[in-house]
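Student: I have a structure here, written as structure tokens, and I will follow up with some questions on it.
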Amino acid sequence: MRPLRGARLAALAAAAFMALSGCGSPGADAKPGPSGPPAVLRVPGRYPSIQKAVDVARSGDVVLVSSGVYHEAVTVRRPRVVLRGVDRDRTVVDGEFRRANGITVTGPGSVVENLTVRNHLANGVLFTGVTDERLQGVGAGGDGYDPLDTVRFPPLKGFRASYVTAYDNALYGIYAFDARSGVIEDSYASGQSDSGIYVGQCDPCDTVVRNNTVEHNAVGIEVTNASRDLYVVANTARRNRVGVTVNSNDLEALGPQHEAVIAGNTITGNNDDRGPEQADGGFGIGVGIGGGTRNRVERNRIEDHRVAALVLRDVQGYPVRGNSVRDNAIGGGTALVLAAARTGGNCFTGGGPAPTAPRSLPSAVTSCPGRDVVLTEPGTTAPVPVPPGVSFKEVARPPAQPQMAHARTAPARPATNLPGRVDPARYRLPAPATG
């Protein structure tokens with residue numbers, strides 16, 4: 001028995017040395033060494049701030065943040081770092097209405113999950129290839145949304161936001177700008193003055209926005225100059241001023257926007273009088289496409305909108321053209337407003353009995369693929385009283401949200417090889433809401 005006892009003591013000594021050197025197994029509360037298996041960096045147990053932990057984290061490490069309110073702006077510059085809260089509702093990055101961004105991620109393949117970001121003067125979480133911090137303020141493309149130099153700032157490749165709660169931020173809750181190959185999922189956003197979730201300036205995007213809930217924002221989900229392999233699927237956009245917008249914008253690069261898929265979403269009751277006012281005055285609209293091209297809007301439930309379920313219009317010299325709107329369940333209010341000089345090859349089928357504007361759409365629109373003909377009566381939205389908005393600072397705190405499973409012990413899952421194959425046909429028409 002003596003040799004066995006000696007071997008056992010040697011093994012224990014080796015394990016102790018590995019723990020001290022930061023080469024322990026996942027979950028080890030240790031300072032990471034230059035090599036070895038992934039480590040867990042605990043805040044505030046070993047590191048007094050989130051920033052100090054992410055600054056030393058290696059690829060594959062987890063920065064695990066305990067419950068508490070953290071008054072700091074965090075930037076994740078290193079690749080494939082997982083920033084995770086132990087409790088989605090109680091691990092809070094609070095901007096105190098003083099700091100611009102809560103968490104900025106410029107490290108490719110890095111992740112933010114299972115925490116809350118609130119009370120920022122710009123964005124809750126920002127994923128971006130813009131590495132110049134002077135340009136990460138009001139708009140990631142720079143002051144006044146100047147078009148981004150896409151050569152100087154190539155897109156961030158690989159990002160993920162999961163189980164994030166973002167509320168009461170002055171611009172966007174979760175913002176992916178100049179970023180691609182990502183996923184925004186299982187998150188919640190309310191009280192943003194612009195939009196709860198925003199995907200901007202990517203072509204191709206290779207991005208999925210799925211299983212999120214957005215409410216009491218000026219816009220629930222916004223897509224601007226974001227094109228190809230972009231899927232907005234299985235989300236709930238309710239009680240915003242506008243549910244979903246898809247836009248081309250000449251103040252950003254990569255216009256016009258084209259070829260996104262909006263499928264299997266529940267977009268209901270976007271007539272909110274308890275959220276921030278929408279900058280362009282939009283109200284009571286389910287889905288708005290402004291100058292977007294060749295997008296697919298399929299199998300969504302779009303109901304209870306005071307102005308229109310869908311508004312398609314030309315903007316900033318960008319015609320709205322080639323969009324396919326099929327097999328959606330539409331109820332309450334006008335089904336479609338096509339506010340353009342031409343049909344632009346857009347088509348609208350399977351929308352239910354709701355009226356359209358103009359009241360009698362030409363056959364060029366009511367069959368797919370659509371044909372491009374002149375509209376003798378471009379549509380206009382009916383006048384609807386627009387209630388005043390409230391300050392983003394005043395939107396009510398959201399209820400508790402579902403937690404990530406096993407947040408304290410789950411291994412790191414960096415944002416690599418995302419989003420994987422996406423089949424829009426999997427996302428069927430949602431059932432009617434109950435209660």
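Student: Which condition number in (1) in a loop (DSSP other than H, G, I, E, B); (2) crowded, with 24+ Cβ neighbours inside 10 Å; (3) at positive phi is the one that Gln201 fails?
Tutor: Here Gln201 meets the rest and fails (1).
Student: While we're looking at this one, here's another question. Is at least one residue of segment 334-343 at pLDDT 90 or above, among the charged types (D, E, K, R), under 25 Å from the mean Cα position of the chain (by Cα) and assigned to a strand (DSSP E or B)? First the steps, then the outcome.
Tutor: In the first step, residues of segment 334-343 are kept if they are at pLDDT 90 or above; the result is 334-340, 342-343.
Still in the list and also among the charged types (D, E, K, R): 342.
Subset that is under 25 Å from the mean Cα position of the chain (by Cα): none.
The answer is no; no qualifying residue exists.
Student: Which of the numbered conditions does Asn101 fail, given that it passes all the others? Conditions: (1) assigned to a loop (DSSP other than H, G, I, E, B); (2) closer than 24 Å to Asp194 by Cα; (3) touching a residue at least 40 places away in the same chain (Cβ under 8 Å).
Tutor: (3)
Student: Also, I was wondering about something else. Among the residues that make up segment 407-414, is at least one of them surrounded by fewer than 16 Cβ atoms within 10 Å (Cβ to Cβ), polar (S, T, N, Q), part of a loop (DSSP other than H, G, I, E, B) and not assigned by TED's automatic domain parsing to the domain that holds Arg239?
Tutor: yes
Student: Answer yes or no: is there a residue in segment 170-186 that is assigned to a loop (DSSP other than H, G, I, E, B), in contact with a His (Cβ under 6 Å, 6 or more places away or on another chain), outside the structural domain of Ala279 (by TED's automatic domain parsing) and at pLDDT 95 or above. Before you say what the answer is, go through the steps one by one.
Tutor: The initial filter retains those residues of segment 170-186 that are assigned to a loop (DSSP other than H, G, I, E, B), namely 170-171, 178, 186.
Then keep just the ones that are in contact with a His (Cβ under 6 Å, 6 or more places away or on another chain); that gives none.
Checking segment 170-186: not a single residue is assigned to a loop (DSSP other than H, G, I, E, B), in contact with a His (Cβ under 6 Å, 6 or more places away or on another chain), outside the structural domain of Ala279 (by TED's automatic domain parsing) and at pLDDT 95 or above.
Student: Let me ask something additional. Please work out which one of (1) crowded, with 17+ Cβ neighbours inside 10 Å; (2) in contact with a Ser or Thr (Cβ under 7 Å, 6 or more places away or on another chain); (3) outside the structural domain of Asn300 (by TED's automatic domain parsing); (4) not polar (S, T, N, Q) is the condition Phe392 fails and give its number.
Tutor: Looking at each condition in turn, Phe392 falls short on (3).
Student: Given (1) touching a residue at least 40 places away in the same chain (Cβ under 8 Å); (2) closer than 26 Å to Thr213 by Cβ; (3) part of a loop (DSSP other than H, G, I, E, B); (4) over 20 Å from the mean Cα position of the chain (by Cα), where does Asp372 come up short, assuming only one miss?
Tutor: Failed condition: (2).
Yes/no matrix, rows are residues, columns are (1) in contact with a helix residue (DSSP H, G or I) (Cβ under 7 Å, 6 or more places away or on another chain); (2) crowded, with 19+ Cβ neighbours inside 10 Å; (3) of a type outside the set (Phe, Trp, Tyr):
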residue: Ser35; (1), (2), (3): no, no, yes
residue: Gln51; (1), (2), (3): no, no, yes
residue: Val54; (1), (2), (3): no, yes, yes
residue: Gly68; (1), (2), (3): no, no, yes
residue: Val76; (1), (2), (3): yes, yes, yes
residue: Asp89; (1), (2), (3): no, no, yes
residue: Phe97; (1), (2), (3): yes, no, no
residue: Val117; (1), (2), (3): no, yes, yes
residue: Leu121; (1), (2), (3): no, no, yes
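Student: A follow-up question, please. Has segment 297-312 got at least one residue that is within 30 Å of Ala253 (Cβ to Cβ), without any contact (Cβ under 8 Å) to a residue 60 or more places away in the chain and of a type in the set (Asp, Glu)?
Tutor: No - not one qualifying residue is present in segment 297-312.
Student: As an exercise: evaluate Ala309 against (1) among the small types (Gly, Ala, Ser); (2) assigned to a loop (DSSP other than H, G, I, E, B); (3) closer than 19 Å to Pro432 by Cα and give the number of the one condition it does not meet.
Tutor: (2)
Student: Follow-up question, since we're still on this one. In this structure, is Val365 at pLDDT 95 or above and closer than 24 Å to Glu303 by Cα? Show your work before the answer.
Tutor: Details: at pLDDT 95 or above: no; closer than 24 Å to Glu303 by Cα: yes.
Answer is no for this residue.
Student: Which residue is surrounded by the fewest Cβ atoms within 10 Å (Cβ to Cβ), if the candidates are limited to segment 125-156 and must be at pLDDT 65 or above and either at positive phi or in contact with a strand residue (DSSP E or B) (Cβ under 6 Å, 6 or more places away or on another chain) (or both)?
Tutor: Step by step, filter segment 125-156, then rank; the result is Gly129.
Student: Between a residue in segment 314-325 that is in a strand (DSSP E or B) and any residue that is aromatic (Phe, Trp, Tyr), which pairs come within a Cβ distance under 9 Å, given they are 6 or more apart or on different chains?
Tutor: Ser324/Phe348; Val325/Phe348
Student: From Val374, Val386, grab the single residue that is touching a Phe, Trp or Tyr at 6+ places or on another chain (Cβ under 6 Å) and at pLDDT below 95. Talk me through it step by step, then tell me what you get.
Tutor: Numbers: Val374 fails: touching a Phe, Trp or Tyr at 6+ places or on another chain (Cβ under 6 Å).
It is Val386.
Student: Let me ask something else. Can you pull out every residue in segment 233-251 that is at pLDDT 95 or above and either surrounded by fewer than 24 Cβ atoms within 10 Å (Cβ to Cβ) or in a strand (DSSP E or B) (or both)? Talk me through it step by step, then tell me what you get.
Tutor: Initially, segment 233-251 is screened for residues at pLDDT 95 or above, giving 233-248.
Matches in segment 233-251: Val233, Ala234, Thr236, Ala237, Arg238, Arg239, Val242, Gly243, Val244, Thr245, Val246, Asn247.
The values are calculated or read from the model by the stated rules, or taken from the named source; none is laboratory data. All values derive from a computational prediction rather than experimental measurement. In this analysis, Cβ positions are derived from the backbone assuming ideal geometry, glycine residues included, and neighbour counts consider all displayed protein chains.
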